[in-house]
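Quick notes on the structure that follows.
What follows is calculated from the coordinates using simple rules that are stated; it is not laboratory data. Small disclaimer: the values here were computed from a predicted structure and weren't measured. Because the Cβ atoms are built from the backbone with ideal geometry, glycine has one as well, and the counts that use them run over all protein chains shown.
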Amino acid sequence: MSKWIKRTHFFSSDKYECSSCGRQFDRPSAACPGCGAAMRGSQYDPSWVDEVEMLDAIFDD
């Protein structure tokens with residue numbers, strides 16, 4: 001069962017990654033344009049938190 005993994009970034013737009021093939025796209029669809037896998041749901045990945053922590057360490061706030 002494949003799903004979209006929403007990759008949110010602090011300084012760029014959201015990307016949606018296919019859990020089957022790993023390719024990233026600008027928006028989700030019913031099937032992955034890369035591998036053709038049918039999508040069943042989604043998952044959120046808060047990777048932007050790591051980006052904010054890195055900036056916090058750089059600026060020592």
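What to note about this one:
- Inter-label distance for PHE10 and GLU53, nm, one decimal - labels placed 7 Å from Cα along Cα-to-Cβ: 1.2 nm
- Ordered by the number of other Cβ atoms lying within 10 Å of each residue's own Cβ, fewest first, ILE58, ILE5 fall into the sequence ILE58, ILE5.
- Here the contact order of the range 2-59, divided by its residue count and restricted to Cα pairs under 8 Å and six or more residues apart, works out to 39 percent.
- Expressed in Å, the radius of gyration and Dmax of the Cα atoms of the chain are 14.0, 45.
- In degrees, nearest ten, helix 48-59 long axis to first principal axis of the chain (Cα): 20 degrees
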